Amino acid sequence: MEQTRTRILKMLKRNGGSTIGELSELLDASATAVRRHLKALEAQGLVYHRMEQRGPGRPSYVYELKAEGPDVFKGSYVAFVDSIRQEMVTSNGHKPPHEVFDRHQAKRQEHYVTVTQGETLPDRVAVMARLMESEGRMATWQQLNEDRFILREHNCPFHRFDGDFDYPCHWEQDLLEQTLQANIKRLCHIRQGDVACVYEIEKQPAGRIIDFPEPQHAARPDVTRAA
């Protein structure tokens, strides 16, 4: 039973608001069974429902996750975020937040580059998705053609930081470019209300070298507090 409810939570995380009928089809389970699980999840404060008109006929109940989401989605990035918080606390304000964040993120980027070094672009994308999945980011990817790919990240670690998300989000896009050695374009953004951060990955033209400028410190957010 708990396994089924976890699957429902993950489906809502990946797909956004869903009806009982949609969840029933995905789970290959009866609508009665799905309704029972959803009621239990609502009682636990993990999901809520609202009315939405979907096609002709009466409005449907659409179920969504509560804003913060349950612990089932928290991966190793929790330790990553908490380590940043702890270092800032122990420094008693002597270390600027952006410097602490930069150092921790640079270590993560070094690991990513090392693990994916020497692989083809499709291999690097696959490894990147596995690394992100291991961090609890619920990552998936697909190949559009020989040179283009889509990478989806359904679970964002940076929502644990208060304030402006722009700086860590720009850092994340730089990490993808550095690791994959490819052109990266963000198509969807969790911060803007999308279900996932979606990146289009395109192979670089032959002979092109990406230049990675230092992040602009003036736009750094206040990450001294976490949600």
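The values are calculated or read from the model by the stated rules, or taken from the named source; none is laboratory data. Treat the numbers as computed from the prediction; the structure is a model and nothing was measured. Cβ placement follows ideal geometry from the backbone for every residue including glycine, while neighbour counts extend to all protein chains displayed. For accessibility, only protein heavy atoms count, side chains too; no ligands or nucleic acids. Shrake-Rupley method; radii C 1.70, N 1.55, O 1.52, S 1.80 Å.
Out of curiosity, is GLN3 touching a Pro at 6+ places or on another chain (Cβ under 9 Å) and either at pLDDT 90 or above or more than 25 Å from ARG191 (Cβ to Cβ) (or both)? No. Counting the residues of the stretch 141-178 that are at pLDDT 90 or above and among the hydroxyl-bearing types (Ser, Thr, Tyr) gives 0. Can you confirm whether ARG50 is within 25 Å of CYS197 (Cα to Cα) and either open to solvent by 30 Å² or more (accessible area, probe 1.4 Å) or part of a loop (DSSP other than H, G, I, E, B) (or both)? Considered against the rule, which asks whether it is within 25 Å of CYS197 (Cα to Cα) and either open to solvent by 30 Å² or more (accessible area, probe 1.4 Å) or part of a loop (DSSP other than H, G, I, E, B) (or both), ARG50 comes out as yes. Can we say LEU23 is over 13 Å from LYS66 (Cβ atoms) and part of a helix (DSSP H, G or I)? Taking the combined requirement at face value, the residue satisfies it.
Residues that are farther than 22 Å from VAL195 by Cβ and open to solvent by less than 30 Å² (accessible area, probe 1.4 Å) within the stretch 22-47 comprise ALA33, ALA40, listed in sequence order.
Here THR4 fulfils each of the conditions (1) open to solvent by 30 Å² or more (accessible area, probe 1.4 Å); (2) in a strand (DSSP E or B) apart from (2). Only one of the listed residues (ARG54, ARG36) is modelled with pLDDT of 85 or more and of a type in the set (Lys, Arg). That residue is ARG36.
Only residues that are open to solvent by 70 Å² or more (accessible area, probe 1.4 Å), outside any loop (DSSP other than H, G, I, E, B) and of a type in the set (A, V, I, L, M, F, W, C) were counted across the stretch 111-146, and they come to 1. VAL78 falls short on exactly one of the conditions (1) buried (at least 17 other Cβ atoms within 10 Å of the Cβ); (2) at pLDDT below 70; (3) not in a loop (DSSP other than H, G, I, E, B), and that condition is (1).
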